[in-house]
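The next block holds one structure in the form of structure tokens; read it before the comments.
A short reminder: the numbers here are calculations on the coordinates, not readings from a lab. Here the structure is a predicted model, which is why all the values come from computation and not from measurement. Here the Cβ is made from the backbone with ideal geometry for all residues, glycine too, and neighbour counts use every protein chain on show.
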Amino acid sequence: MNTENILFIQTAFPGDAILTLPALKKLKEFFPNSSLDVLCIPATKEIFEASPSVDNTIVIDKKDKHKSLLRTYKFVKQLKQNNYTRIYSAHRSLRTSLIVLLLEVRETFGFDNSTLFHVYKNLVSYDSTKHEVQRNFDLVGFVYNDENWKIVPEINSSERSIEKVNAFINQNKLIDGFIAIAPGSVWNTKKYPSEYFEVICKYFADRKIRVVLIGGENDRVTSEHIVSKFSGKVIDSAGKFSIVESIELLKHSMLLLSNDSAPTHMGMCADVKVLTIYCSTVPEFGFYPYNDKSSSIGYNDLKCKPCGIHGHNLCPIKTFDCAMNLLPEQIILKAEEMLSD
């Protein structure tokens, strides 16, 4: 019986963390009697703790506690006591490669575009034309076809989370369903204009369809600004729920409208209809919603688009045409089509 002690490294943003869950599921199927640990950042700890495939979650705080190389070295010395036999790294940074090198594990798997890629004993091609879920499957060695790669990321909600969400739904009379809108993003050029989201909210509110804004604490300024225009017709949940709780809330939605950001992938966890709005980025980067119910929309007749894989704080040419030329009426039309399917 093949027993391994496995470490999977993913220290990127929550959206990236969610997209590793299908690969973790396959790893657990490949090595059912083995221990599977995940090394992650504080912001994604709850995601991996809620995964049925993960045995232990280990946190590295790159911005504070383990910021310096010396502290990272001390952290790795402790981590080495776990005696890992395999490491898979979805993250490609210099710090991650140094961690892999210092752990001195016999079988290591990383992408061929990783910094210090030569530290990995098994290099896997990073195919930029594929979806991120597929790339992570390549990393762990799962052979897939055009359809069977579309595995929904699995998250287990606690009874407490379910009760909290149900209370919110009952309190706000959302039992018959609602449209969720996630207006935030870490990157400003990924954020569809709030005044356009207001038009979309008004359209659905006028038709007696409930609208709930979702997001984290950092999205509250945007969501509060939008909600202030509607005198209770639009409900703000930004900052009220954790990531796992937000996924539980999304399970009750009829449709999620999201920027190219983490809520898109939370919608995949909830396995609901998602319409992802692309401003400065494009679906071809491999982070589009991939269940059969979902779709995406963007204004693409621009020579300057895409201007970067992550987006920017400001439009590089100061026009933001990728967002301003994508009118809310176009999104409403697409959303109506999806709702009627």
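Note down the magnitude of the dipole of the chain about its Cα centre, charges +1 on Lys and Arg C-beta and -1 on Asp and Glu C-beta and zero elsewhere, to the nearest 20 debye. Please report the intermediate quantities before stating the final value.
Numbers: 40 positive and 40 negative charges, 201 e Å.
Using only the charged Cβ atoms, the result is roughly 960 debye.
Take peptides 49-55, 17-23 and line them up by average Cβ neighbours within 10 Å, highest first, as a rough protection proxy.
The packing order, highest mean first, is 17-23, 49-55.
How fast does segment 144-243 diffuse by Stokes-Einstein, in µm²/s, taking the Kirkwood radius from C-alpha pairs at 37 °C and 0.692 mPa s? Please report the intermediate quantities before stating the final value.
Working: Rh = 15.2 Å.
D, rounded to a whole number, is 216 µm²/s.
Over what distance in Å are the Cα centres of segment 186-257 and segment 263-338 separated?
Each part's Cα centre sits 16 Å from the other's.
According to a simple spin-label model (label point 7 Å from Cα along Cα-to-Cβ), what is the distance in nm between residue 126 and residue 292?
3.3
Under the classification rounded if a/c is under 1.5, otherwise prolate if a/b is larger than b/c and oblate if not, where does segment 5-140 fall, given a ≥ b ≥ c as square roots of the Cα gyration tensor eigenvalues? Could you put the intermediate results ahead of the total?
Details: a/c = 1.27, a/b = 1.17, b/c = 1.09.
Rounded, because the longest to shortest axis ratio a/c is under 1.5.
Could you tell me the distance between the Cα centroids of segment 139-180 and segment 7-72, to the nearest Å?
When both Cα centres are located, 19 Å separates them.
Extent of the chain along each principal axis, from alpha carbon coordinates, in Å, largest to smallest?
61, 49, 41
Under 10 Å from the Cβ of residue 106, count the other residues' Cβ atoms, weight Lys and Arg +1, Asp and Glu -1, and hand me the total. Please report the intermediate quantities before stating the final value.
Working: positive: 86, 121; negative: 104, 107.
Within the 10 Å Cβ shell, the charges total 0.
Over all distinct Cα pairs, what is the inverse of the mean 1/r for segment 271-341, reported as the Kirkwood hydrodynamic radius in Å? Don't skip to the answer; put the middle values down first.
On the way: mean 1/r = 0.0764 Å⁻¹.
Across segment 271-341, the inverse of the average 1/r is 13.1 Å.
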